[in-house]
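Report on the structure given below.
The values are calculated or read from the model by the stated rules, or taken from the named source; none is laboratory data. Note that the structure is predicted; figures quoted are calculated from it, not measured. Using ideal geometry, Cβ is built from the backbone for each residue, glycine included, and neighbour counts are taken over all protein chains shown.
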Amino acid sequence: MVRLTSALGVLLALNGAIASPAGDTTPDRVSLAKRATCTPASLGDTQQDDTPAITAAIASCGNGGTIVIPAGKTYSLRTMLDFTGCVNCDFQLEGTLKSSTDTTYWSTQPAIIYFKNIAGVTFRSLTGTGVINGNGQAAYDRWATETFARPTVIYVVGGSKLTFSGFKVHNPPNAFIGQKGGVQDVTYASLTMTAASKSTNLPKNTDGFDIGESTYTLIQDVVVSNQDDCIAFKSGCNYVTVDGITCEGTNHGLVVGSLGKDNDDYAKNVYVTRATMTNCGKAAGIKVYPGGSTHGTSTVSNVTWDGVDVQGCDYGAQIQSCYGSDAADCDANPSLATLSGIYFKDFTGTTNSKQAPAVANINCSPSMVCDLHFSDWAVVNPSGDTVNYCANIDGDPGITCTTGASG
């Protein structure tokens with residue numbers, strides 16, 4: 001009882017001190033101030049550019065404040081939206097940000113929405129109504145006749161503590177989301193990302209996520225329907241967790257690489273769980289270039305896919321040590337990559353019949369370190385026969401291997 005009374009007395013004394021500052025003590029007005037909120041006005045005309053209004057809102061309210069894109073409103077992005085000036089800001093996307101179709105302009109820009117060295121941003125839809133429309137049809141049609149540069153929809157370069165959640169991204173002209181430049185602590189959650197064409201010219205290079213040089217990335221409860229890598233774990237990525245991913249369409253799955261094209265590359269500490277892979281070229285895999293003076297050496301370590309449902313993919317797993325080349329070149333210049341601590345755990349489901357009877361194609365070169373481990377591997381081929389093609393795996397991989405691996 002004495003202790004309780006003493007503690008209560010101290011608490012009351014503290015409360016009194018806070019409520020009634022002594023002498024000339026002044027409360028910290030800045031810390032007590034309400035977060036500033038800006039709602040930029042849309043011009044309501046897709047031929048007019050709303051980017052300057054949003055940029056002005058970031059300049060006014062971006063330092064710890066809130067910028068709101070209201071539901072039911074469409075904002076036309078005819079120039080790149082740069083988040084410079086956002087410091088711990090809250091960007092609430094409840095309406096639509098729609099890119100223009102000016103492929104000539106966008107070929108000069110790295111991104112539609114650009115985050116360079118941003119220290120703290122929450123970019124989210126609280127209601128789930130928020131949309132970024134990449135408006136990529138013009139890019140798909142132009143790409144059918146010529147190659148040209150195209151922007152990534154959301155591009156993060158450097159910075160720290162960025163969160164993206166709750167919105168949809170449609171029809172990117174290129175990749176949906178990319179990050180590099182040593183960015184740290186990035187979260188992508190509850191996103192739906194779809195690419196579809198209205199013509200016979202299919203979307204091209206619409207990677208869901210290109211995760212480059214960065215540390216501590218979380219991708220959680222995301223749906224991707226596209227025509228290229230669902231997630232590409234690229235050189236420099238470190239500590240990436242994927243917890244809940246659905247990959248649909250004719251995409252290339254959850255892939256490390258490609259690595260070693262021009263420089264020495266690495267990817268490490270990647271963990272994927274709760275993945276559903278539908279109609280992909282591969283559910284999971286690694287792509288490295290061959291050896292030789294024109295290529296670098298690839299190092300991949302501590303990568304785990306754990307809990308993957310394979311539905312109609314060409315392969316459940318694929319390792320390519322001759323990526324971007326042919327058999328003659330790879331025989332002369334075998335890959336010198338190091339793959340260590342690579343785990344395929346708890347894979348279930350059925351492939352398609354394109355590579356029948358194979359469900360895995362694991363092609364390591366004789367010169368590689370190929371430390372692979374399979375457990376609870378239960379992927380089957382609809383043909384009735386099920387084969388895992390393997391070459392040059394170090395030790396017992398945990399599956400029954402048959403010769404004939406390639407790629």
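Return the pairs, sorted by first residue and then second, in which the second residue is aliphatic (A, V, I, L, M), the first residue lies in segment 380-407 and is at pLDDT below 95, the beta carbons are less than 7 Å apart, and the residues are 6+ apart or on different chains.
383/356
Please find, among 340, 258, the residue that is on the phi < 0 side of the Ramachandran plot and surrounded by fewer than 18 Cβ atoms within 10 Å (Cβ to Cβ).
On the way: 258 fails: surrounded by fewer than 18 Cβ atoms within 10 Å (Cβ to Cβ).
Step by step, each of 340, 258 is checked, and only 340 is on the phi < 0 side of the Ramachandran plot and surrounded by fewer than 18 Cβ atoms within 10 Å (Cβ to Cβ).
Condition (residue is within 18 Å of residue 125 (Cα to Cα) and without any contact (Cβ under 8 Å) to a residue 40 or more places away in the chain) applied to segment 226-243: is it met by at least one residue? Explain how you work it out, then say what you get.
So the first thing to find is which residues in segment 226-243 are within 18 Å of residue 125 (Cα to Cα), and the list is none.
No, the conditions are met nowhere in segment 226-243.
So which residues in segment 122-134 are over 10 Å from residue 93 (Cβ atoms) and surrounded by fewer than 24 Cβ atoms within 10 Å (Cβ to Cβ), if there are any at all?
Kept after step one, since they are over 10 Å from residue 93 (Cβ atoms), are these residues of segment 122-134: 122, 128, 133-134.
Residues satisfying the conditions are 122, 128, 133.
All but one of (1) charged (D, E, K, R); (2) surrounded by 20 or more Cβ atoms within 10 Å (Cβ to Cβ); (3) within 24 Å of residue 226 (Cα to Cα) hold for residue 141; which doesn't?
So the condition that residue 141 fails would be (2).
Is at least one residue of segment 79-94 touching a residue at least 24 places away in the same chain (Cβ under 8 Å), within 21 Å of the chain's Cα centre (by Cα) and farther than 22 Å from residue 186 by Cα? Before the answer, list the steps.
Applying the first criterion (touching a residue at least 24 places away in the same chain (Cβ under 8 Å)) to segment 79-94 yields 79-94.
If we keep only those that are within 21 Å of the chain's Cα centre (by Cα) as well, we get 80-83, 90-93.
When the remaining residues are screened for being farther than 22 Å from residue 186 by Cα, the result is none.
Scanning segment 79-94, I find no residue that is touching a residue at least 24 places away in the same chain (Cβ under 8 Å), within 21 Å of the chain's Cα centre (by Cα) and farther than 22 Å from residue 186 by Cα, so the answer is no.
Cβ-Cβ distance below 9 Å, separation of 6 or more or different chains: which pairs start in segment 118-139 with a residue that is more than 20 Å from residue 99 (Cβ to Cβ) and end on one that is in a loop (DSSP other than H, G, I, E, B) and of a type in the set (D, E, K, R)?
Matching pairs, first to second residue: 126/94; 127/94; 128/94.
Could you figure out which of (1) in contact (Cβ under 8 Å) with a residue 24 or more places away in the chain; (2) under 28 Å from residue 213 (Cα atoms); (3) among the polar types (S, T, N, Q); (4) surrounded by fewer than 16 Cβ atoms within 10 Å (Cβ to Cβ) isn't true of residue 147?
The failed condition is (1).
For segment 287-297, state whether one or more residues are touching a strand residue (DSSP E or B) at 6+ places or on another chain (Cβ under 6 Å) and under 16 Å from residue 210 (Cβ atoms).
yes
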